[in-house]
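Comments concern the structure below.
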Amino acid sequence: MVVSAKFASGGSQHPDSAIAIGEAIGQVLDTLGGRSPTLAALFFSEHHLPYLRDIVDTLHEVLNPSTLIGASAQGVVSGATEIESGPSLALFALHDRDLLVEPVLLEAIDTGDEAAILGWPKAVESPATLLLVADPFSFPTTVFLDHINTRHPDLTVIGGIASAASAPGQNRLVLDRTISSEGAVGVVMAGLGLEIDAVVSQGCSPIGRPYIVTKAESNVLYELGGKPAIERLKESLAEAGENAKLAFKGLHIGIVVDENQESFSRGDFLIRNVIGADQETGAIAVGEKVEVGQTVQFQVRDAEGSHEDLVSLLSSRSADAALLFTCNGRGTAFFGTPSHDAGVVEEVLGQIPLAGFFCAGEIGPVGGKNLLHGFTASLALFRSTGLGSN
């Protein structure tokens, strides 16, 4: 690990929770020179859930972070290694005395028509970045992001959905010393000494051409460009050539986020699954509500394209540290080799402090809007500006 004045990461695969957190804390303290972090992020497998209170208490007593955020996960990212199964724990920390951090504990209340979100601060520094981790069973992340996009357009949201549970109440979220099984936790960050860049790699390639939605109801597309949606799909597959074969592995729809652009390419779409088709009506069902007038384009996904997309996005960036929120559908099963996303980060950006987890949904901006994604790698890249004090 490269020593950094402001950033550090550590991790452990030890099955004993006390030893695991001790190893991770030791790595962070060594890198930070014994200084307490302004922010710490902790990600842990379900193996550590029975001992989470002890882990959190130990972390506060030894590391003493100003703010701690955390989530349970199917697997974690520690440095250039993705640990997809078994006991695992990853820790990220940054030290910046000039960084403004505001912890946020969010709760969703069902009001009948729409969930009300409690816990959001009345005033938010702008521009700023919100790191957010949420429980998929109890928190309406899409509703919350819509609220942020409307009320706080200068706020960038990056994060992921906790993934250690298959039923409500099984995930755990951490904010400072509070441990919760529902809702969402986050931290709003702003400061002159730190730049935070968001990278969202969806890894999809468009096929065919874009079409205007001319008839739709909720998530069902009836007509695209005045013709039955299924006919437009056939046209797109015919134009795709060899890429048409990828549709059998997974067909998706891309919904243009910014309609003001003259043309659209990879990265301009919100990607959702195609979940069904009706030959009789010519309709196609997709995993998102679509409205008449929106622009859509069919998409395919493959390991090679996903690799190229992530490399391309990172090649134009620089970073001193990073948090990685990658989909639990990626990893070895998709790429055929372990530690793909974390390995690309190290290959392109160097051996920077890196931590993260495998998510049940990834959060990041596309086309100027904060969105919830699937099968995506979303990264928060940290870079010290040299302003302020250490």
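Points to keep in mind about this one:
- Checking segment 119-133 against the condition returns a match, with at least one residue being out of contact with any strand residue (DSSP E or B) (no Cβ under 6 Å at 6 or more places or on another chain) and within 22 Å of Ala322 (Cα to Cα).
- The residue that is nearest to His48 (Cα to Cα), among those in segment 60-78 that are within 23 Å of the chain's Cα centre (by Cα) and polar (S, T, N, Q), is Ser72.
- Annotation note: Cβ proximity below 8 Å between a residue of segment 46-58 that is modelled with pLDDT of 95 or more and a residue that is among the aromatic types (Phe, Trp, Tyr) and buried (at least 16 other Cβ atoms within 10 Å of the Cβ) (sequence gap 6+ or interchain) occurs for Leu52/Phe44; Ile55/Phe44.
- Residues that are aromatic (Phe, Trp, Tyr) and part of a loop (DSSP other than H, G, I, E, B), drawn from segment 230-276: Phe264
- Unique residue being surrounded by 20 or more Cβ atoms within 10 Å (Cβ to Cβ) and assigned by TED's automatic domain parsing to the domain that holds Gly367 when the list is Leu251, Leu221, Leu314, Leu233: Leu314
- Residue identified as farther than 22 Å from Asn370 by Cα, touching a helix residue (DSSP H, G or I) at 6+ places or on another chain (Cβ under 9 Å) and at pLDDT below 90 among Ala283, Ala244: Ala244
- Any hit, segment 42-52, residues being within 14 Å of Leu323 (Cβ to Cβ) and either in contact with a Phe, Trp or Tyr (Cβ under 9 Å, 6 or more places away or on another chain) or buried (at least 16 other Cβ atoms within 10 Å of the Cβ) (or both): yes
- Qualifying residue in segment 187-209 (condition: of a type in the set (Lys, Arg) and part of a strand (DSSP E or B)): no
- Here is the figure for segment 317-328: residues that are closer than 17 Å to Gln351 by Cβ, of a type in the set (S, T, N, Q) and buried (at least 24 other Cβ atoms within 10 Å of the Cβ) total 0.
- The residues of segment 76-131 that are surrounded by fewer than 19 Cβ atoms within 10 Å (Cβ to Cβ) and touching a Phe, Trp or Tyr at 6+ places or on another chain (Cβ under 6 Å) amount to a single one, Ile117.
- Tally, over segment 133-143, of residues that are closer than 24 Å to Ser66 by Cβ and either touching a helix residue (DSSP H, G or I) at 6+ places or on another chain (Cβ under 8 Å) or surrounded by fewer than 17 Cβ atoms within 10 Å (Cβ to Cβ) (or both): 1
- Single residue of segment 122-136 satisfying the filter (among the small types (Gly, Ala, Ser) and part of a strand (DSSP E or B)) that is farthest from the chain's Cα centre (by Cα): Ala128
- Evaluated against (1) more than 16 Å from the chain's Cα centre (by Cα); (2) in a loop (DSSP other than H, G, I, E, B), Thr150 falls short on exactly one condition, (2).
- Within segment 337-390, the residues that satisfy the criterion of being farther than 14 Å from Arg317 by Cα and acidic (Asp, Glu) are Asp341, Glu362.
- Matching residues in segment 328-359 - criterion: being among the aliphatic types (A, V, I, L, M), under 17 Å from Ile83 (Cβ atoms) and modelled with pLDDT of 95 or more: Ala342, Val344, Val345, Leu354, Ala355
- Some residue of segment 23-38 being surrounded by fewer than 24 Cβ atoms within 10 Å (Cβ to Cβ), at pLDDT 95 or above and charged (D, E, K, R): yes
- Among (1) in the same structural domain as Phe269 (by TED's automatic domain parsing); (2) under 30 Å from Ser138 (Cβ atoms) - the single one Lys227 does not satisfy: (2)
- Residue match in segment 191-199 (condition: surrounded by 24 or more Cβ atoms within 10 Å (Cβ to Cβ), modelled with pLDDT of 95 or more and in contact with a strand residue (DSSP E or B) (Cβ under 6 Å, 6 or more places away or on another chain)): no
- Residue within segment 376-385 that is modelled with pLDDT under 95, outside the structural domain of Asp268 (by TED's automatic domain parsing) and under 23 Å from Ser205 (Cβ atoms) present: yes
- When Gly305, Gly282, Gly336 are checked against the criterion of being surrounded by fewer than 21 Cβ atoms within 10 Å (Cβ to Cβ), over 27 Å from Val133 (Cα atoms) and free of Cβ contacts under 8 Å to residues at least 40 places away in the same chain, Gly336 stands alone in meeting it.
- Once segment 339-365 is narrowed to residues that are buried (at least 18 other Cβ atoms within 10 Å of the Cβ) and among the charged types (D, E, K, R), the residue that is nearest to Pro168 (Cα to Cα) is Glu362.
The values are calculated or read from the model by the stated rules, or taken from the named source; none is laboratory data. Keep in mind it's a predicted model, so treat the numbers as computed, not measured. Positions of Cβ are backbone-derived with ideal geometry, glycine not excepted, and every protein chain shown enters the neighbour counts.
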